[in-house]
1. Show the residue pairs that are 6+ apart or on different chains and have beta-carbon atoms under 6 Å apart, the first residue being within the range B:241-253 and at the interface with chain A (Cβ under 9 Å from one of its Cβ atoms) and buried (at least 19 other Cβ atoms within 10 Å of the Cβ), the second being part of a helix (DSSP H, G or I) and not aliphatic (A, V, I, L, M).
2. So if I check each of B:I160, B:I148, B:I188, which one is among the aliphatic types (A, V, I, L, M), closer than 30 Å to A:V250 by Cα, in the same structural domain as B:V275 (by TED's automatic domain parsing) and buried (at least 22 other Cβ atoms within 10 Å of the Cβ)?
3. Please verify whether the range C:126-134 includes one or more residues that are in contact with a helix residue (DSSP H, G or I) (Cβ under 8 Å, 6 or more places away or on another chain), surrounded by fewer than 21 Cβ atoms within 10 Å (Cβ to Cβ) and either under 30 Å from C:P414 (Cβ atoms) or within 14 Å of chain B (Cβ to nearest Cβ) (or both).
4. Condition first: within 21 Å of the chain's Cα centre (by Cα) and facing chain A (nearest Cβ under 9 Å). Now tell me which residues in the range C:283-303 satisfy that.
5. Only one of (1) closer than 30 Å to C:F148 by Cβ; (2) in a loop (DSSP other than H, G, I, E, B) fails for C:A308. Which number is that?
6. Determine which member of the set C:A216, C:A196, C:A177 is at pLDDT below 90 and under 23 Å from C:D289 (Cα atoms).
7. Tally the residues that are at pLDDT below 85 and at the interface with chain A (Cβ under 10 Å from one of its Cβ atoms), restricting the search to the range B:167-201.
8. Report, by residue number, each residue of the range B:111-136 that is surrounded by fewer than 18 Cβ atoms within 10 Å (Cβ to Cβ) and modelled with pLDDT of 80 or more.
Amino acid sequence: MSEYKLLAPLTARRRGRRGVSPALRGERSVVRGIGVGLLWLVVAISIAALVWMVAQAFRDTRAILDDPWGVPASLDFGNFVRAWTVGDFAVATWNSLLTTVLSSVLTVAIAAPCAYYLSRVDNRLTRGLSLYFILGLGIPAQVILIPLFVMLNKVYLTDSIIGLNLVYIGVSMPFTVFLLTAFFRSLPLEMEEAAALDGTTAFGTFWRITLPLAKGGILTAFILQVISHWNETLLALTLLQSTEKYTLPVALISFVQQQTYSGADWGGLFAGLVMVVLPMLVIYVWLGRRLTEGLTLGMGK
Amino acid sequence: MSVGLKEPRAGKAALHNPDSRKPVTRKASAQGRQPGSSIDVQRKKLLVPFVGPAFVLYTVLFIVPALGAVWISLHKWAGSGPMKFVGLDNYGRIFRDPLFLSSFGNTLLLLFVVGAAIFILAFAMTLVLRDMAGKKVVRNVIFFPHLINALVFGVLAGFIFNPGGMVNSLLAPLGVTDPPKWLAQDNIFPLIMVTLVCTTTGYFTTILMAGVDRIPPYYYEDCALAGASAFQRLRYVILPLTWDVFGTCAVLWTISSVKIFEIVWVFGGSSGAGVPPTQSWTAAVYTYVNAFSGQSTPAYGAATASAVLSLALISVLVVLLRRAMRRDAVEF
Amino acid sequence: MGKTARHLRPLAALLGAALALSTTACGGATDASPAAEAVDISGSISGQTINYWSMWKDGEPQQKVIATAIADFEKETGAKVSVQWQGRSNTEKLVPALNTNNVPDLVDGTLAKLAPVIGETGQASPLTSVYAYELDGKTVSSVIPEKFTSNGVFKGEDGQPWMVPYSISSDGIWFDAAKHPELKAKPPATWDEFIAVLDKLKAGGQAPIAADGDIAGYNSTWFVTSLLRLKGAGSFKALAEDKSGAGWDDPAVLEAAQKVETLVKGGYLNSGYNASKFPAQQQLWANGDAALILNGSWTPTETGSYAAPGFEYSSFQFPAIGDKPASARVDFIGFAVPAKSKNQVPAQRLAAYLLGAKYQDALGTDAKVLPVRQDAPVDPAVASVKAAIDAAPATHLQNDGVTFPGYTEKVFFPRDDELFLGKTTASEFVAMMKEAQIQYWKDNG
């Protein structure tokens, strides 16, 4: 039964676009038509905005200010080169990539067993622990900034990518554990029970039965962490001090500030924005389906 | 090593409820003085290796600094140098500070007004998208703004909403000669609210869509047979069956709305270099300004006190929210 | 219960370990700063290292000058300098670092930003030796104009200076001399002449004044400078310090507010100034859509990349109101050395080094900013500003140096913005400020 519930949406979708009950097909109304129209308008504007932003990255400051609607005269990559070199975006991109992937992988690797345990064992302790983790969801980064810095400095982990990674993992625990606990709860128990009857250890059950089933949810959690760590600004700004360790958001902020003081370079700025947004776009286009599917399965129950 | 129970225990098999979602530990121990099935015993042994690392990292890197922050909130401190103990003075002062109250009010506005807008729009979009051609494309596009760094919006906001900016240049040919002052100090917060709605709606729509997708079609057929209108269908079928999902989303939104900071910060002030106008401050901005504004001596005690206070107030809200949204899970 | 307790034990052990680790970390945060004393910096520093966090980003004109200076310094003294070109957020990074022993040896920034972070908290070393150091036969203190240091802005609680400036910034009312040669030839000297100029510009069809109304710091300059013209340098600070708020009843204060009100009500400000995002208005001015802008001496550099072709930068000072001699606004950019730094001597030597004539000249001609040395040449665009500074009998800081915690952002700026953006009248502004100030000192006294 539970497998059916899990698979029901998928089968429905496989029925094709018209996967809706015959009772509802053919239901047309003005309101609905307007709704559909508006949605397509929103889509069109969003895509246009993205295209516009990318286009501006190919023009220079004066052209952008004089005529924001204009199209670039040529595919001049000068802005990108400048942002890449002057804005230290090359190093920053590499740092961001390294930090994001590493911390996201570790976050999920550490949170998954914890979430599994909390979802399967139900006693006062686990309920208390779940609440303990959820508590962290409400604490903003500003609160913990200074004490965190002092602590990390004692162990020489400030101004270090390793330190930043550890911090990211620590602050991502609440959300990831929360998400994965909900997700693991939605997985059927029967297979695990069956495996237990066959004599598998609890750990073996987790490793060989549950994890493969949970691939979708884990991938979702991973992608969500990638997104949030890629865009994280405040902690990186405070905990990193050397320019060669900057991550992308920090490099972007100093780039923007620099523009303000030493002559605006809107073209370079747009190029910088494109460089920040583009990886997200790529990841999203490539893995987006998994992301939305996994997100929904996890939130489902 | 397991407790050598290779043959199935008769008692255990009988306990299986195929539709049960809760683990059966409790029932097992109710059966006589059995200590629970072997897998449960083994599972419990996994407490430390499974939960341990997450627990330690979270506690050391998150909870301990937070406790440190609470300790700081009992002092008057400029970020470095001597600390002066003032007890609950900071809290009293913040409670009396009209700016904190207005900032917290703004946070509540974000929570309720923007939240309501998001969820109404999300439900509406879900319904429209349910059997629309190309719904995957639409869903992906509306989800995307959620992934973009807030700084991008801040920079673009000026471009788009300046008096000579793009919105006004679009409105000019339509005959609008005196467009509203989009970026006037009083209007910035509404603009931020609209931006938040635009970026977050896609995220929640995606989640709700799946919740709605799981509703088996025969319910709709029953509705059609019973002659229910679309609104009645929404009220009696869709809402109850997606209540769980909605509840989770509501809690998530509540918690994240307290932390909204970057978008407010970059919208006002020169894209992060200046301080935004006080009409647009939220609780998180208030905390940040007290500590890091750069315009005057920092007051870390007051900053952490305000953060602790907003956290406490929001926790109360979350508890009330969960209580209000609690309903028996509808099995289907 | 027994089982739960058994499982609690390892968790408790972990928790205990975690707490122990972190308390040792926290415990060390409050060790006392070393007693800071002036050190003798004249000896050899060959082989020593300096860790310098700079406020400039790689590629900025000032950065190039400092980089040259550092290269020469390394060659001359044999010391090694490791620089982080961090940009303006270097002071933000400094704050958490000051709680630890991991501090840079040398940091620069504006006085406004360094004072709350390192100057007033007693975290900076006294730089008496730097001021006494001789470069090319002249001591540093002799090349820095007396009026900059005489009012003690750099003096810490121990009476010793903790910052040495190498560059200054000021403000002025800027215009395009190519379009308005009459303003260059005969700039308005009094407030009435100024209004007459504005009226003429308005009649000519050009928006007289551009202002980025979302930058509270720029907005406040109008009121603060008016007040300082009426009552002299230091009067705004005295006004803000008054716990009884009685200073706000002074008719001169109301007059200053009324001057601002005249500008707003007179329609002299470019339309849309109160609903735009920085730097839109500045860009409009640079393009010729508005005639004047009250802005800093950094304006030529900042707007250079989008100014209209043929733009000739020139400025005049904020007009006099009444007969008090006009003080010039001078904000400082300079070096400070954290007290916890282990490399005091080489760091202080580097700080002194930048006061050398060669680099001050380079700051003036190459970076086009105002060097602190009076004898250094400056770019023609800012020549008028420099002349005004040289002639002024006294100087004042932005917001007259008011840095009480939270006062500027929470008490002053919001109400001043309401005045400048046309939402309140002058008398309402004065009344609100008095009330808010009394409340502020009650809460923060």
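The values are calculated or read from the model by the stated rules, or taken from the named source; none is laboratory data. None of these values were measured; they are calculated from a predicted model. Neighbour counts are summed over all protein chains in view; Cβ atoms, including those assigned to glycine, are modelled from backbone coordinates with ideal geometry.
1. Between residues of the range B:241-253 that are at the interface with chain A (Cβ under 9 Å from one of its Cβ atoms) and buried (at least 19 other Cβ atoms within 10 Å of the Cβ) and residues that are part of a helix (DSSP H, G or I) and not aliphatic (A, V, I, L, M), the close pairs are B:V245/B:G211; B:C249/B:F204.
2. Numbers: B:I160 fails: buried (at least 22 other Cβ atoms within 10 Å of the Cβ); B:I148 fails: buried (at least 22 other Cβ atoms within 10 Å of the Cβ).
So the residue among B:I160, B:I148, B:I188 that is among the aliphatic types (A, V, I, L, M), closer than 30 Å to A:V250 by Cα, in the same structural domain as B:V275 (by TED's automatic domain parsing) and buried (at least 22 other Cβ atoms within 10 Å of the Cβ) is B:I188.
3. no
4. Passing the criteria: C:W298, C:T301, C:E302, C:T303.
5. Unmet for C:A308, out of (1) closer than 30 Å to C:F148 by Cβ; (2) in a loop (DSSP other than H, G, I, E, B): (1).
6. The match here is C:A216.
7. Residues in the range B:167-201 being at pLDDT below 85 and at the interface with chain A (Cβ under 10 Å from one of its Cβ atoms): 2 in total.
8. Across the range B:111-136, the qualifying residues are B:F112, B:V113, B:A116, B:A117, B:I120, B:A124.
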